[in-house]
Amino acid sequence: MTGKTHQAALRRLGIGLAAFALAATACTSGGAETQSTEEPVVDAAPAELTITPADGGVDIAPNSPVRVIAESGTITDVRVEQASATEQEHNRGLFDMTGTLNAEGTEWVSDWNLDPGADVVVTALAENEAGETTESVHEFSTLDATPGRRLELASNFPTSGDTVGVGMPIVINFDLPVTNKAQVENAMEVIADQEISGAWNWVSDKMAVFRTEEYWEPYQSVTVDLHLAGVEASEGVYGVSDHRIDFEIGRELIATMHVPDHEMVITIDGEQDRVIPVSNGQGTRHFDTTSSGVHVLMERYRHLTMDSATVGIPADEPGSYTVDVQYAVRTSNSGEFVHEASYNPSIGSANTSHGCTNVGLSDAQWFYENTLMGDVLDTTGTSREFQWNNGWGYWQMTWDEWLGNSATGEPQNTDGSGTPGSVHGEGL
């Protein structure tokens, strides 16, 4: 069970937080009742509980926090139960509702938002100094997300089950623009076996990217919990589904190229594995210059027709080309690949390509079969700087630059201690 901090998690020991079907509860809505299993040891006033949202409320904003406050006692249990007709459709119930209890045990606040269009039951228990228990139950319903204004996950990289390299970013694409970026960032929690700091940035209003401060440690598991249900992405636009992404970080493969040397050095787990002869961009114009910087390997093709028209040079212009290649691995969105180029006699001796990294057939096949999405290619020695938003060039930013561009401005630690801030609406 995760919370906002380890300290908060410890404070929640003994408090059950679970999501059950509404039919499973035997509690009734309304006021509070006091019970005792033994004689009071002191003369104490009964604990009083206040729960918000109010009992009987309808069309409650899904990004409202559930708040429980105890007077003359301490909170011992909070349960938030949600149910809706579209529960299966929207993958609700993926995560239990957790909350954070203050140090005094007198205030509990939900960590995440409520499901849109749900019937909600909140059951809270508190004890006074005499050990007497007070129970209070509130029932209310949340506003549904209207068609055309429901934030959905459009795609993500990596996907569950992938094994990726140590430079891999986490890329989340939404179907609608996000303006409340800090709240959405705080709804996306990254948990890894090896603790490290990271942060989210926005490449566009529909694309959020998580990058770590340094490369991932190899050989570990990573989980991304997207608590999107109920988050208000923009005015009146609510997330409707929670998602979980599980992937693995594989061995550490770093490829380096100093372009004037006509070779690529492959290092695996700190040991040099091989040196591959290459031919890079001829550098007669910007387009033909291989970019210098930290590239992250992206998609790959067994066969690919490389057409200059796809990068802005139509067939009737000087320098245009169309060529079929094998074993192509993308390193940028501007048309750079590592690929087989058996037609190039200058591999290992001169730079004559249109900007791609040309290699021989056997080396291209090895590179295609033995590298992973997320492996690193660090290139130096050219006049063209790799842009941070050209493909997955996110390592081109320093950590301070990356963190400064986060909507929260705060790092997220992958130790399971939660996200930096609140997912709830301002003033709620």
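The values are calculated or read from the model by the stated rules, or taken from the named source; none is laboratory data. Being a predicted model, the structure only gives us computed values, none of them experimental. Don't worry about glycine lacking a Cβ; one is built from the backbone with ideal geometry, like all the others, and counts go over all protein chains shown. Just the protein is used for accessible areas: all its heavy atoms, side chains included, with ligands, DNA and RNA removed. Shrake-Rupley method; radii C 1.70, N 1.55, O 1.52, S 1.80 Å.
List of remarks:
- Sites listed here are GluC sites (Glu not before Pro) in the range 220-303 whose DSSP assignment is loop and whose Cβ has at most 10 other Cβ atoms within 10 Å: GLU235.
- Surface share of carbon and sulfur [accessible, 1.4 angstrom probe, percent] for the range 385-428: 40
- The equivalent ellipsoid that matches the C-alpha gyration tensor of the range 305-379 spans semi-axes of 21, 15, 11 angstrom, in descending order.
- Among residues other than THR50 with Cβ under 11 Å from its Cβ, the summed charge is -3 (Lys and Arg +1, Asp and Glu -1).
- Formal net charge of residues neighbouring SER141 (Cβ-Cβ distance under 10 Å; K, R +1; D, E -1): -4
- Fluctuation leader among VAL323, VAL121, VAL376 - the chain, Gaussian network, Cα springs under 10 angstrom: VAL323
- Inter-label distance for GLU152 and THR223, nm, one decimal - labels placed 7 Å from Cα along Cα-to-Cβ: 2.6
- Projected label distance in nm at GLU426 and TRP399, using a 7 Å step from Cα toward the beta-carbon: 3.0
- Length gained when the stretch GLU48-GLU317 is fully extended (0.36 nm per residue, less Cα-Cα span): 88.9 nm
- Alpha-carbon spread of the range 318-428, three principal axes, descending order, Å: 66, 32, 25
- The chain: angle of helix 361-370 to the longest principal axis, Cα-based, in degrees nearest 10: 10
- Modelled FRET efficiency - R0 30 Å, HIS258 with GLN326, Cβ distances, 0.05 increments: 0.70
- Residue-averaged [θ]222 nm for the chain, counting only DSSP H segments that reach four residues, each worth -39500 (n - 2.57): -1500 deg cm²/dmol
- For the chain, the Kirkwood radius over C-alpha pairs fed into Stokes-Einstein at 10 °C and 1.306 mPa s yields D = 65 µm² per second.
- The range 72-221: Rg to Rh, with Rh as the Kirkwood radius over Cα pairs: 1.05
- Choice from THR331, THR267, THR212 showing the highest fluctuation, given a GNM over the chain with Cα pairs closer than 10 Å: THR267
- Computed over neighbours whose Cβ is under 13 Å from that of PRO318, the net charge equals -2, Lys and Arg +1, Asp and Glu -1.
- Using the average count of surrounding beta-carbon atoms within 10 Å as a protection proxy, the listed peptides 157-164, 238-245, 413-420 rank, highest first, as 238-245, 413-420, 157-164.
- Per residue accessible area in Å² of the chain, where ligands, DNA and RNA are left out and the probe is 1.4 Å: 43
- Cα-Cα pairs of the range 162-303 separated by more than 22 Å (percent): 53
- Carbon + sulfur, % of accessible area of the range 208-358 - ligands and nucleic acids excluded, 1.4 Å: 47
- Derived scalar couplings ³J(HN,Hα) [the range 68-81; Karplus, 6.51 cos²θ - 1.76 cosθ + 1.60; whole Hz; x for Gly, Pro]: 10, 10, 10, 10, 6, x, 10, 6, 10, 7, 9, 10, 10, 10
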